[in-house]
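So the structure is just underneath, and the comments pick up after that.
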Amino acid sequence: MSSTRSHDPVHLAQALIRCRSVTPEEGGALTWLASQLAPVGFTCHRLTMSEPGTPDVQNLYARLGSGSPHLCFAGHTDVVPAGDEAAWTRPPFGAEIAGGALYGRGAADMKGGVACFLAAALDHLADGGLKRGSLSFLITGDEESVAINGTPKLLAWLKARGETLDACLVGEPASAEAVGDQIKIGRRGYVNARLVVHGNQGHSAYGERAENPIPKLARIIDRLSTTPLDNGTEHFQPSSLQATIVSVPNAATNVIPGSAQANFNIRYNDLHTRPGIEAWVREHCEIAAKEVSARFSLSFEGTGNVFLTKPGPLVDTMRAAIQGVTGRAPALTTTGGTSDARFIKDFCPVVEVGLRNATAHQVDEHVALADLATLTQIYRCFIERYFAA
Ligand SMILES: [Zn+2]
């Protein structure tokens, strides 16, 4: 690998952090990114996507080259709100450097990662250019919110134009203890369930004339929470169902309420499908409800299907890049929440490698300057190996 390193990811990350691109605001971030890519030959498409009931969102698709293989870097420049700015020790959009770290909203999630890939790509191009294939940036301004006017619509737009992707790297902060300690090769699916147990309201002194839904709900929660969905698979941890909200619309201590509700968040692995999960939850609700003669209604919401990029050439290329730079073998994992990779997996193999996620979304979000340097090297090495293969 060449040692040309003319583009400093720290400066690039600072420029991005100084853009106030809190979802759905573009904040100048995509304009700035396009201004870096256009001069080196990328064709930049600024795409504003709309959907009734949601704010318009600006996105950027920039591609260099027209042939295959086509390597796409996917990410986002929108950030979550700073929250209480007074609680930050450094201004959230100031991009200040202190103690060997760069501070600001998005430093970890994920303007830092975008800056690293940009630096790596610019260095690669400066060092001989793209000798074959295509390199692209698929950058959305709608990842941290509802993700309706971002990646899914960009992918549909690409498909309509007849463009295909051969491999995708998502630059979310996917590392844990050290940059490159893991490659995310899939994610669990998730769904939320809402369970309402119906009773009959009444005076608590005359319980026999009412039907209290609370103990019945408790019995169902107990069954759902103590029945394992599975024991995990080769690449996934066991599926999990967590009760997240229990609520009873009641303010009086001498009234038996008419209904009681619980919400559950379910993260499921590759042994399940969304319909299968819904059927499982319903079946166990019915079994427990029968024991206590409970009447209930059940509904589901949320989307996010389980996916897995099976270990193969793309994973091997990334693994070799990480090992070459850090000297360590990365773990292949499927832990954590969802990302836009859940949409991209329908188009091409996708891996996620990025910064550490320790301070993402927190007050005083920051990234070590050394981490930015390491990730840029990993990305650079990955680009070279990908196009050399
Ligand atoms: Zn993110």
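We did not get these values from a lab; they are worked out from the coordinates using the rules stated. Since the structure is predicted, the reported quantities are computational estimates derived from the model, not experimental observations. No Cβ is skipped: glycine too gets one built from the backbone with ideal geometry, and neighbour counts run over all protein chains shown.
Using only Cα atoms and rounding to the nearest 10 degrees, what angle (0 to 90) does helix 274-291 make with the longest principal axis of the chain?
Long axis of 274-291 versus the principal axis of the chain: about 20 degrees.
Using modelled amide H (1.01 Å from N, peptide plane; none on Pro or chain starts), what sits under 5 Å from the amide H of GLU365, excluding residues fewer than 5 places away?
GLY104
How high is the FRET efficiency from ASP84 to ASP8, r the C-beta distance, R0 35 Å, rounded to 0.05?
FRET efficiency, ASP84 to ASP8: 0.65.
Please compute the length gained on full extension between VAL146 and ASN192, using 0.36 nm multiplied by the number of residues separating them and subtracting their Cα-Cα distance.
Length difference between fully extended and current span is 15.0 nm.
Applying 1/(1 + (r/R0)^6) with R0 = 35 Å to the Cβ-Cβ distance of ARG385 and ALA38, what FRET efficiency is obtained, to the nearest 0.05?
0.85
Output the 0 to 90 degree angle, nearest 10, between the alpha-carbon long axis of helix 213-226 and the longest principal axis computed from the alpha carbons of the chain.
Roughly 40 degrees, rounded to the nearest 10.
Restricting to segment 47-140, what percent of DSSP beta bridges are antiparallel, rounded to 5?
Looking only at bridges with both residues in segment 47-140, the antiparallel portion is about 60 percent.
Which entries in the list LYS111/LYS131; LYS216/LYS345; LYS184/LYS290 go over 30 Å, if you measure between the two C-alpha atoms of each?
Where the Cα-Cα span goes over 30 Å, the pairs concerned are LYS216/LYS345; LYS184/LYS290.
Hey, with R₀ at 41 Å, roughly what FRET efficiency would ASP230 and ALA156 work out to, going by the Cβ-Cβ distance, to 0.05?
So the FRET efficiency works out to roughly 0.80.
Springs between alpha-carbon pairs under 10 angstrom, Gaussian network model over the chain: which of GLY207, GLY302, GLY133 fluctuates most?
Among GLY207, GLY302, GLY133, the largest GNM mean-square fluctuation belongs to GLY207.
Got a sec? Which residues in segment 339-361 would a label at GLN237 touch, if it sits 7 Å along Cα→Cβ and we count backbone N under 20 Å?
From segment 339-361, the list is 339-342, 352-361.
On a 0 to 90° scale, report how tilted helix 313-326 is relative to the longest principal axis of the chain, with both axes built from alpha carbons and the result rounded to the nearest 10.
70
Non-local amide H neighbours of SER259 (under 5 Å, H modeled in plane, Pro and chain starts lacking H): which ones?
GLY199
Starting from the Cα of ALA279, step 7 Å along the direction of its Cβ; do the same at THR253; then give the gap between the two resulting points in nm.
4.8
Within the chain, what percent of beta bridges assigned by DSSP are antiparallel, to the nearest 5?
70
Give me, ordered by chain and number, the residues 5 or more places off ILE183 or on other chains with an amide H under 5 Å from its own placed amide H.
HN-HN under 5 Å from ILE183: ALA331, LEU332, THR333.
How high is the relative contact order of the chain, given as a whole-number percent (alpha carbon pairs under 8 Å, six or more residues apart)?
Over the chain, the number comes to 24 percent.
Quick one: Karplus J couplings for segment 301-312, per residue in order, coefficients 6.51, -1.76, 1.60, θ = phi - 60°, nearest Hz, x for Gly and Pro?
Listing the rounded values in order: 8, x, 10, x, 7, 5, 8, 8, 8, 4, x, x Hz.
Run the paramagnetic zone check for LEU271: 7 angstrom along Cα to Cβ, then residues of segment 209-248 with backbone nitrogen under 13 Å.
Only 227-241 fall inside the zone, counting backbone N under 13 Å.
Could you compute the net charge surrounding CYS116? Neighbours are other residues with a C-beta less than 11 Å from the C-beta of CYS116; K and R count +1, D and E count -1.
Local net charge: -1.
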